[in-house]
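The values are calculated or read from the model by the stated rules, or taken from the named source; none is laboratory data. Everything quoted here is computed from the prediction, not taken from an experiment. With ideal geometry, Cβ positions are generated from the backbone for all residues, glycine too; neighbour counts draw on all protein chains shown.
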Amino acid sequence: MVEHDNSYQLLFSHVEMVEDLLRGFVREEWVSQLDFKTLEKRSGSFVSDELKDRRSDVVWRVRLGQEWLYVYLLIEFQSTIDPFMAVRMMAYIGLLYQDLIRTKEILPGNRLPPVLPLVLYNGTRRWTASEEVYELIASIRGGLEKYQPRMRYLLIDEGGYSASELESLRNLVAALFRLEKSAELPAIRAVLENLVDWLKAPEQTSLRRAFTVWFGRVFLPSRAPKETFPEFRDLQEVRTMLSETVKGWTEQWKAEGLQQGRQEGRQEGLREGQAKILMVLLEKKFGPLQETDRQRIHAADSETLLKWGERLITANSLSEVMV
């Protein structure tokens, strides 16, 4: 997982990847007003000690008119969806603001810069967690609602894009998504040919190297875990290997992918059944569930659902079950 995180961080430490991510997957009007020539990555010394532990997070900034827009990119590889992601993002953005104030980039009397909290998720299950922190807070009345925090993050759920939608984009991030969704050699070769063509300029050497590292240390080992791969020096070497060496892997990839898909399908079906039974039992005992509680149950893994089911036997309240 560390290798996976580091490789993604390396990819999204390149201005071309961040520009393609914003242009291709943030489909809002204000994106056209960004001055992408001003895109700059913030150094590790810029963020606070708490944020330094977020190895897979990347912070960039870009001019939007006269203001800087900060882009906080959180890359989420967990197979278990975090139902409180909105709270995590709110905390990270708060730390980022504190650091801007501490380093005197924002002086008293000046406004804080806008931030785009962006979650990039590549898990097999579709994302179900709430994207707005306010939706996770219990319903309140009598005016208290105006004191509750509001912050929404922008979710990019890689698995939510169709193959045809990704293929229509001449976009480096779309190419990355296509590769991760590809299970057959011809599709992988086609995307690799695109990358070789798109990244041939001398000034793209660093990004080309980042993709090469990702292929050798993350992508190919995930497709053929029993194989040993050399340290590739360039995408051309990856292309040569895929053309000459791995012809016998295709059936293995298909078989392993089919087996994994069946296993994941069985596990997902079991988890969904657990969730439905738990919700029925909870409502029988405590009455109708709030939407935030339903979201937590839908996002929970089988082990968590089992623990909640065991607690239900002796619990006197919903909070005792879903600790």
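Go through Val173, Val191 for me and flag whichever is touching a Phe, Trp or Tyr at 6+ places or on another chain (Cβ under 8 Å) and either closer than 18 Å to Trp214 by Cα or modelled with pLDDT of 90 or more (or both). Before you say what the answer is, go through the steps one by one.
Values: Val191 fails: touching a Phe, Trp or Tyr at 6+ places or on another chain (Cβ under 8 Å).
Step by step, each of Val173, Val191 is checked, and only Val173 is touching a Phe, Trp or Tyr at 6+ places or on another chain (Cβ under 8 Å) and either closer than 18 Å to Trp214 by Cα or modelled with pLDDT of 90 or more (or both).
Hey, can you tell me all the residues within the stretch 129-147 that are in contact with a helix residue (DSSP H, G or I) (Cβ under 6 Å, 6 or more places away or on another chain) and under 14 Å from Arg294 (Cα atoms)?
Within the stretch 129-147, Ala129, Ser130, Leu136 qualify.
If we keep just the residues of the stretch 41-90 that are surrounded by fewer than 13 Cβ atoms within 10 Å (Cβ to Cβ) and modelled with pLDDT of 90 or more, which is farthest from Leu22 (Cα to Cα)?
By that ranking, first place goes to Gln66.
Quickly run through the stretch 186-198 and pick out the residues that are without any contact (Cβ under 8 Å) to a residue 40 or more places away in the chain and closer than 13 Å to Val173 by Cα. Walk me through it before giving the result.
Let us first name the residues in the stretch 186-198 that are without any contact (Cβ under 8 Å) to a residue 40 or more places away in the chain, namely 186-187, 190-191, 194, 197-198.
Val191, Asn194, Trp198, listed by residue number.
Looking only at the stretch 129-169, which residues are among the polar types (S, T, N, Q) and either assigned to a helix (DSSP H, G or I) or in contact with a Pro (Cβ under 8 Å, 6 or more places away or on another chain) (or both)?
Within the stretch 129-169, the first condition is being among the polar types (S, T, N, Q), and the residues that meet it are 130, 139, 148, 162, 164, 168.
Ser130, Ser164, listed by residue number.
Have a look at Pro113, Pro117 and point out the one that is assigned to a loop (DSSP other than H, G, I, E, B), touching a residue at least 12 places away in the same chain (Cβ under 8 Å) and in contact with a strand residue (DSSP E or B) (Cβ under 6 Å, 6 or more places away or on another chain).
On the way: Pro117 fails: assigned to a loop (DSSP other than H, G, I, E, B).
Criteria check complete, one pass: Pro113.
Only one of these conditions is not met by Lys276: (1) surrounded by 14 or more Cβ atoms within 10 Å (Cβ to Cβ); (2) under 27 Å from the mean Cα position of the chain (by Cα); (3) closer than 24 Å to Ile81 by Cα; (4) modelled with pLDDT of 80 or more. Which number is it?
All conditions pass for Lys276, except number (1).
Assess whether Ala210 counts as being closer than 22 Å to Phe77 by Cα, touching a residue at least 60 places away in the same chain (Cβ under 8 Å) and in a loop (DSSP other than H, G, I, E, B). Steps first, please.
Numbers: closer than 22 Å to Phe77 by Cα: yes; touching a residue at least 60 places away in the same chain (Cβ under 8 Å): yes; in a loop (DSSP other than H, G, I, E, B): no.
Taking the combined requirement at face value, the residue does not satisfy it.
Of everything in the stretch 305-323, what is surrounded by fewer than 17 Cβ atoms within 10 Å (Cβ to Cβ), part of a helix (DSSP H, G or I) and touching a residue at least 12 places away in the same chain (Cβ under 8 Å)? Give them in sequence order. Walk me through how you get there before you give the answer.
Here is the first cut: in the stretch 305-323, the ones surrounded by fewer than 17 Cβ atoms within 10 Å (Cβ to Cβ) are 306-307, 309-311, 313-314, 316-317, 319-320, 323.
When the remaining residues are screened for being part of a helix (DSSP H, G or I), the result is 306-307, 309-311, 319-320.
If the condition is that a residue be surrounded by fewer than 17 Cβ atoms within 10 Å (Cβ to Cβ), part of a helix (DSSP H, G or I) and touching a residue at least 12 places away in the same chain (Cβ under 8 Å), then Leu306, Gly309, Arg311 are the ones that fit.
Would you check which residues across the stretch 193-240 are among the aliphatic types (A, V, I, L, M), buried (at least 16 other Cβ atoms within 10 Å of the Cβ) and more than 20 Å from Lys181 (Cα to Cα) and list them?
Result: Leu199, Leu207.
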